[in-house]
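Everything below concerns the one structure shown next.
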Ligand SMILES: Cc1cc2nc3c(=O)[nH]c(=O)nc-3n(C[C@H](O)[C@H](O)[C@H](O)COP(=O)(O)OP(=O)(O)OC[C@H]3O[C@@H](n4cnc5c(N)ncnc54)[C@H](O)[C@@H]3O)c2cc1C
């Protein structure tokens, strides 16, 4: 309400009171009193905003040098309601958002909110090793284009995947290669937002849910939960916003098991169904960039040695990236993303040099670490609803393959939510059923 309007209200109220005061009867005086209280209240409300602004200024002046602004209304709060909340703004979360918006029948009919706790990331913690891509995935570059913006460039490098095995050797199919993970994530994000998806930076720290007792086919009583709202804690603030929603998607990567714990999954007695955790945890992986002018050169595919070590060309200047997954017993600490350089000396370099003697003379130029969303049960993705939470869909546990799976996973989850079942690819085998039945579908080609 601007100043002119406020003054007008005050003035009109006062002149009205003055006129009635001159000519009014007893009943009129009672009306006047009621009316004058109403005007005062209205004036108070109208002044409130000014007074709050003055208080804010006073408090900020009392804290010179501080950029902290008390009582500031946070413009970055998520909306109070959403149809679907996706927790995790990584490549999988944004792919799901894109497919949901792309498939919705009524344009902008569905409010899809993506919540990401790390404002600097909204994606994988590191630039991972190169994923394979087939021609149909490459066509994503066309689908993800946004009008009046630069075309999507995934920086696709056409080259092979070569897995070496101790008794046999096989090369990848045609049209494989690697691409830039950030470009794919940003392409999904940009397109999803252009279609109306909402992005919010904040951490999901809690849920509100209702409980229901269901009877199973074996006449057992089962308590299931239905999420009513998601609590989004704003970054560097005590402020939070509950978001009421119909559906939640758990795309929280390495932390999806922790998110499920907030709903009691894995927290019940060990022999109960609630005692079975979502078997996904962070596993730290190092990637080393090495320089070796005499290395295998331009024709070098992404080579995965049977020892577990992998390498591929990085650009055209004699650089390569390389790494290996540690033994189960030597899994590094996941409380930080520090790189263990000794690990390269002891575990990676000797194997590299054994495969390509020129690598004896390499020089490490840089390195980074990131977390796999590691599925400890069978190192495969988990896609679908959890039987104990009737409105949370999972897309997690890809154990180092999440990037290359993300386009298909996004579409699969959107189909589950919007069509009630898988339509394009039947991914039923990736559901929670295999975990409850204790029937692992082991992924053996984890790099
Ligand atoms: C070194 C390395 C190499 C890799 N190489 C390959 C490869 O060659 N090919 C391949 O396909 N994949 C590869 N990957 C794996 C790939 O990066 C992951 O599988 C993929 O990024 C998973 O995507 P995601 O969206 O599921 O999870 P993430 O990228 O981990 O995103 C999940 C997001 O959820 C957010 N989050 C978590 N909890 C909350 C919460 N409570 N509230 C709000 N936000 C939350 C996190 O901040 C995170 O950004 C590699 C990974 C690493 C670490």
Look at region 72-93 and say how many of its residues are under 16 Å from residue 202 (Cβ atoms) and assigned to a helix (DSSP H, G or I). 1
Residue 316 - would you say it is modelled with pLDDT under 90 and outside any strand (DSSP E or B)? yes
So which of 370, 381, 410 is within 14 Å of the ligand (Cβ to nearest atom), under 26 Å from residue 286 (Cα atoms) and buried (at least 23 other Cβ atoms within 10 Å of the Cβ)? 381
Filter region 288-303 for residues that are under 25 Å from residue 333 (Cα atoms) and crowded, with 20+ Cβ neighbours inside 10 Å and give the result. 288, 290
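Every residue, every condition in (1) in contact (Cβ under 8 Å) with a residue 60 or more places away in the chain; (2) closer than 23 Å to residue 177 by Cα; (3) over 16 Å from the mean Cα position of the chain (by Cα), yes or no:
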{"position": "392", "(1), (2), (3)": "yes, no, no"}
{"position": "407", "(1), (2), (3)": "yes, yes, no"}
{"position": "414", "(1), (2), (3)": "yes, no, no"}
{"position": "417", "(1), (2), (3)": "yes, no, yes"}
{"position": "422", "(1), (2), (3)": "no, no, yes"}
{"position": "426", "(1), (2), (3)": "no, no, yes"}
{"position": "431", "(1), (2), (3)": "no, no, yes"}
{"position": "438", "(1), (2), (3)": "no, no, yes"}
{"position": "447", "(1), (2), (3)": "yes, yes, yes"}
What do you reckon, is residue 226 in a strand (DSSP E or B), within 22 Å of the chain's Cα centre (by Cα) and either at pLDDT 95 or above or surrounded by fewer than 18 Cβ atoms within 10 Å (Cβ to Cβ) (or both)? yes
Quick test for you: out of 149, 174, pick the one residue that is at pLDDT below 70 and more than 10 Å from the ligand (Cβ to nearest atom). 174
Being within 16 Å of the ligand (Cβ to nearest atom) and out of contact with any helix residue (DSSP H, G or I) (no Cβ under 7 Å at 6 or more places or on another chain) narrows it down to one of 293, 301, so name that one. 301
Yes or no: residue 365 assigned by TED's automatic domain parsing to the domain that holds residue 322 and touching a strand residue (DSSP E or B) at 6+ places or on another chain (Cβ under 7 Å)? yes
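Every residue, every condition in (1) away from the ligand (no atom under 16 Å from the Cβ); (2) crowded, with 17+ Cβ neighbours inside 10 Å, yes or no:
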{"site": "194", "(1), (2)": "yes, no"}
{"site": "201", "(1), (2)": "no, yes"}
{"site": "238", "(1), (2)": "yes, no"}
{"site": "249", "(1), (2)": "no, yes"}
{"site": "257", "(1), (2)": "no, yes"}
{"site": "281", "(1), (2)": "no, yes"}
{"site": "308", "(1), (2)": "no, no"}
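Filter region 384-398 down to the residues that are more than 11 Å from the ligand (Cβ to nearest atom) and part of a loop (DSSP other than H, G, I, E, B), then identify the one that is surrounded by the fewest Cβ atoms within 10 Å (Cβ to Cβ).
Ranking the qualifying residues of region 384-398, first place goes to 387.
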Of (1) within 27 Å of residue 175 (Cα to Cα); (2) at pLDDT 90 or above, residue 302 satisfies every one except (2)
Sort through 244, 220 and tell me the only one that's over 16 Å from the mean Cα position of the chain (by Cα) and in contact (Cβ under 8 Å) with a residue 60 or more places away in the chain. 244
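The values are calculated or read from the model by the stated rules, or taken from the named source; none is laboratory data. As the structure is a computational prediction, the values presented were derived from the model and not from experiment. Note that we place each Cβ from the backbone using ideal geometry, even for glycine, and neighbour counts take in every protein chain shown.
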